[in-house]
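Comments concern the structure below.
The values are calculated or read from the model by the stated rules, or taken from the named source; none is laboratory data. Values in this document were obtained by computation on a predicted structure and should not be read as measured data. Cβ sites come from the backbone with ideal geometry, for glycine too, and all protein chains shown count toward neighbours.
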């Protein structure tokens, strides 16, 4: 049976590890709110969901304050794409000030998309930290 890759990308602190755990239905990856990144290396867990086999990748964030860390993270992202070059991409964006997606998330997505040329049919965007009282506002402005 072929395994489908699910590669979860986004910046540090966006909620990638948490989302991976939700997909897997278990606490497979460490996640917590902290000043420094939790995920420093590419991790993955094989899982059977329904009648399909998946490899869920938990990846370090791209944008960091330290250029050396960014370079290491790029290599970690490469490792996931080597393992599953046609994976489904889940890009996690956080909303911050005023409920807007941060510029650093847009910069990270554009850089990764330029490097890997995502097929629009294989990418899913997850917007994290939405104000639950404003979900309808987000939906109407996204149309």
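The table for this structure:
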quantity	calculated
Qualifying residue in the range 57-64 (condition: within 16 Å of the chain's Cα centre (by Cα) and part of a helix (DSSP H, G or I))	no
Residue match in the range 81-90 (condition: out of contact with any helix residue (DSSP H, G or I) (no Cβ under 6 Å at 6 or more places or on another chain) and farther than 24 Å from residue 42 by Cα)	no
Subset of the range 52-68 (residues that are under 25 Å from residue 27 (Cβ atoms) and surrounded by 13 or more Cβ atoms within 10 Å (Cβ to Cβ))	53, 54, 55, 56, 57, 58, 59, 60, 61, 62, 64
Residue identified as farther than 21 Å from residue 138 by Cβ and either surrounded by 17 or more Cβ atoms within 10 Å (Cβ to Cβ) or modelled with pLDDT of 90 or more (or both) among 49, 112	112
Residue in the range 125-141 that is within 23 Å of residue 4 (Cα to Cα), free of Cβ contacts under 8 Å to residues at least 40 places away in the same chain and either out of contact with any helix residue (DSSP H, G or I) (no Cβ under 8 Å at 6 or more places or on another chain) or surrounded by 11 or more Cβ atoms within 10 Å (Cβ to Cβ) (or both) present	yes
Subset of the range 115-124 (residues that are touching a strand residue (DSSP E or B) at 6+ places or on another chain (Cβ under 6 Å) and either at pLDDT below 85 or not in a helix (DSSP H, G or I) (or both))	118, 123, 124
Count of residues meeting criterion [within 27 Å of residue 129 (Cβ to Cβ), part of a helix (DSSP H, G or I) and free of Cβ contacts under 8 Å to residues at least 60 places away in the same chain] in the range 75-101	4
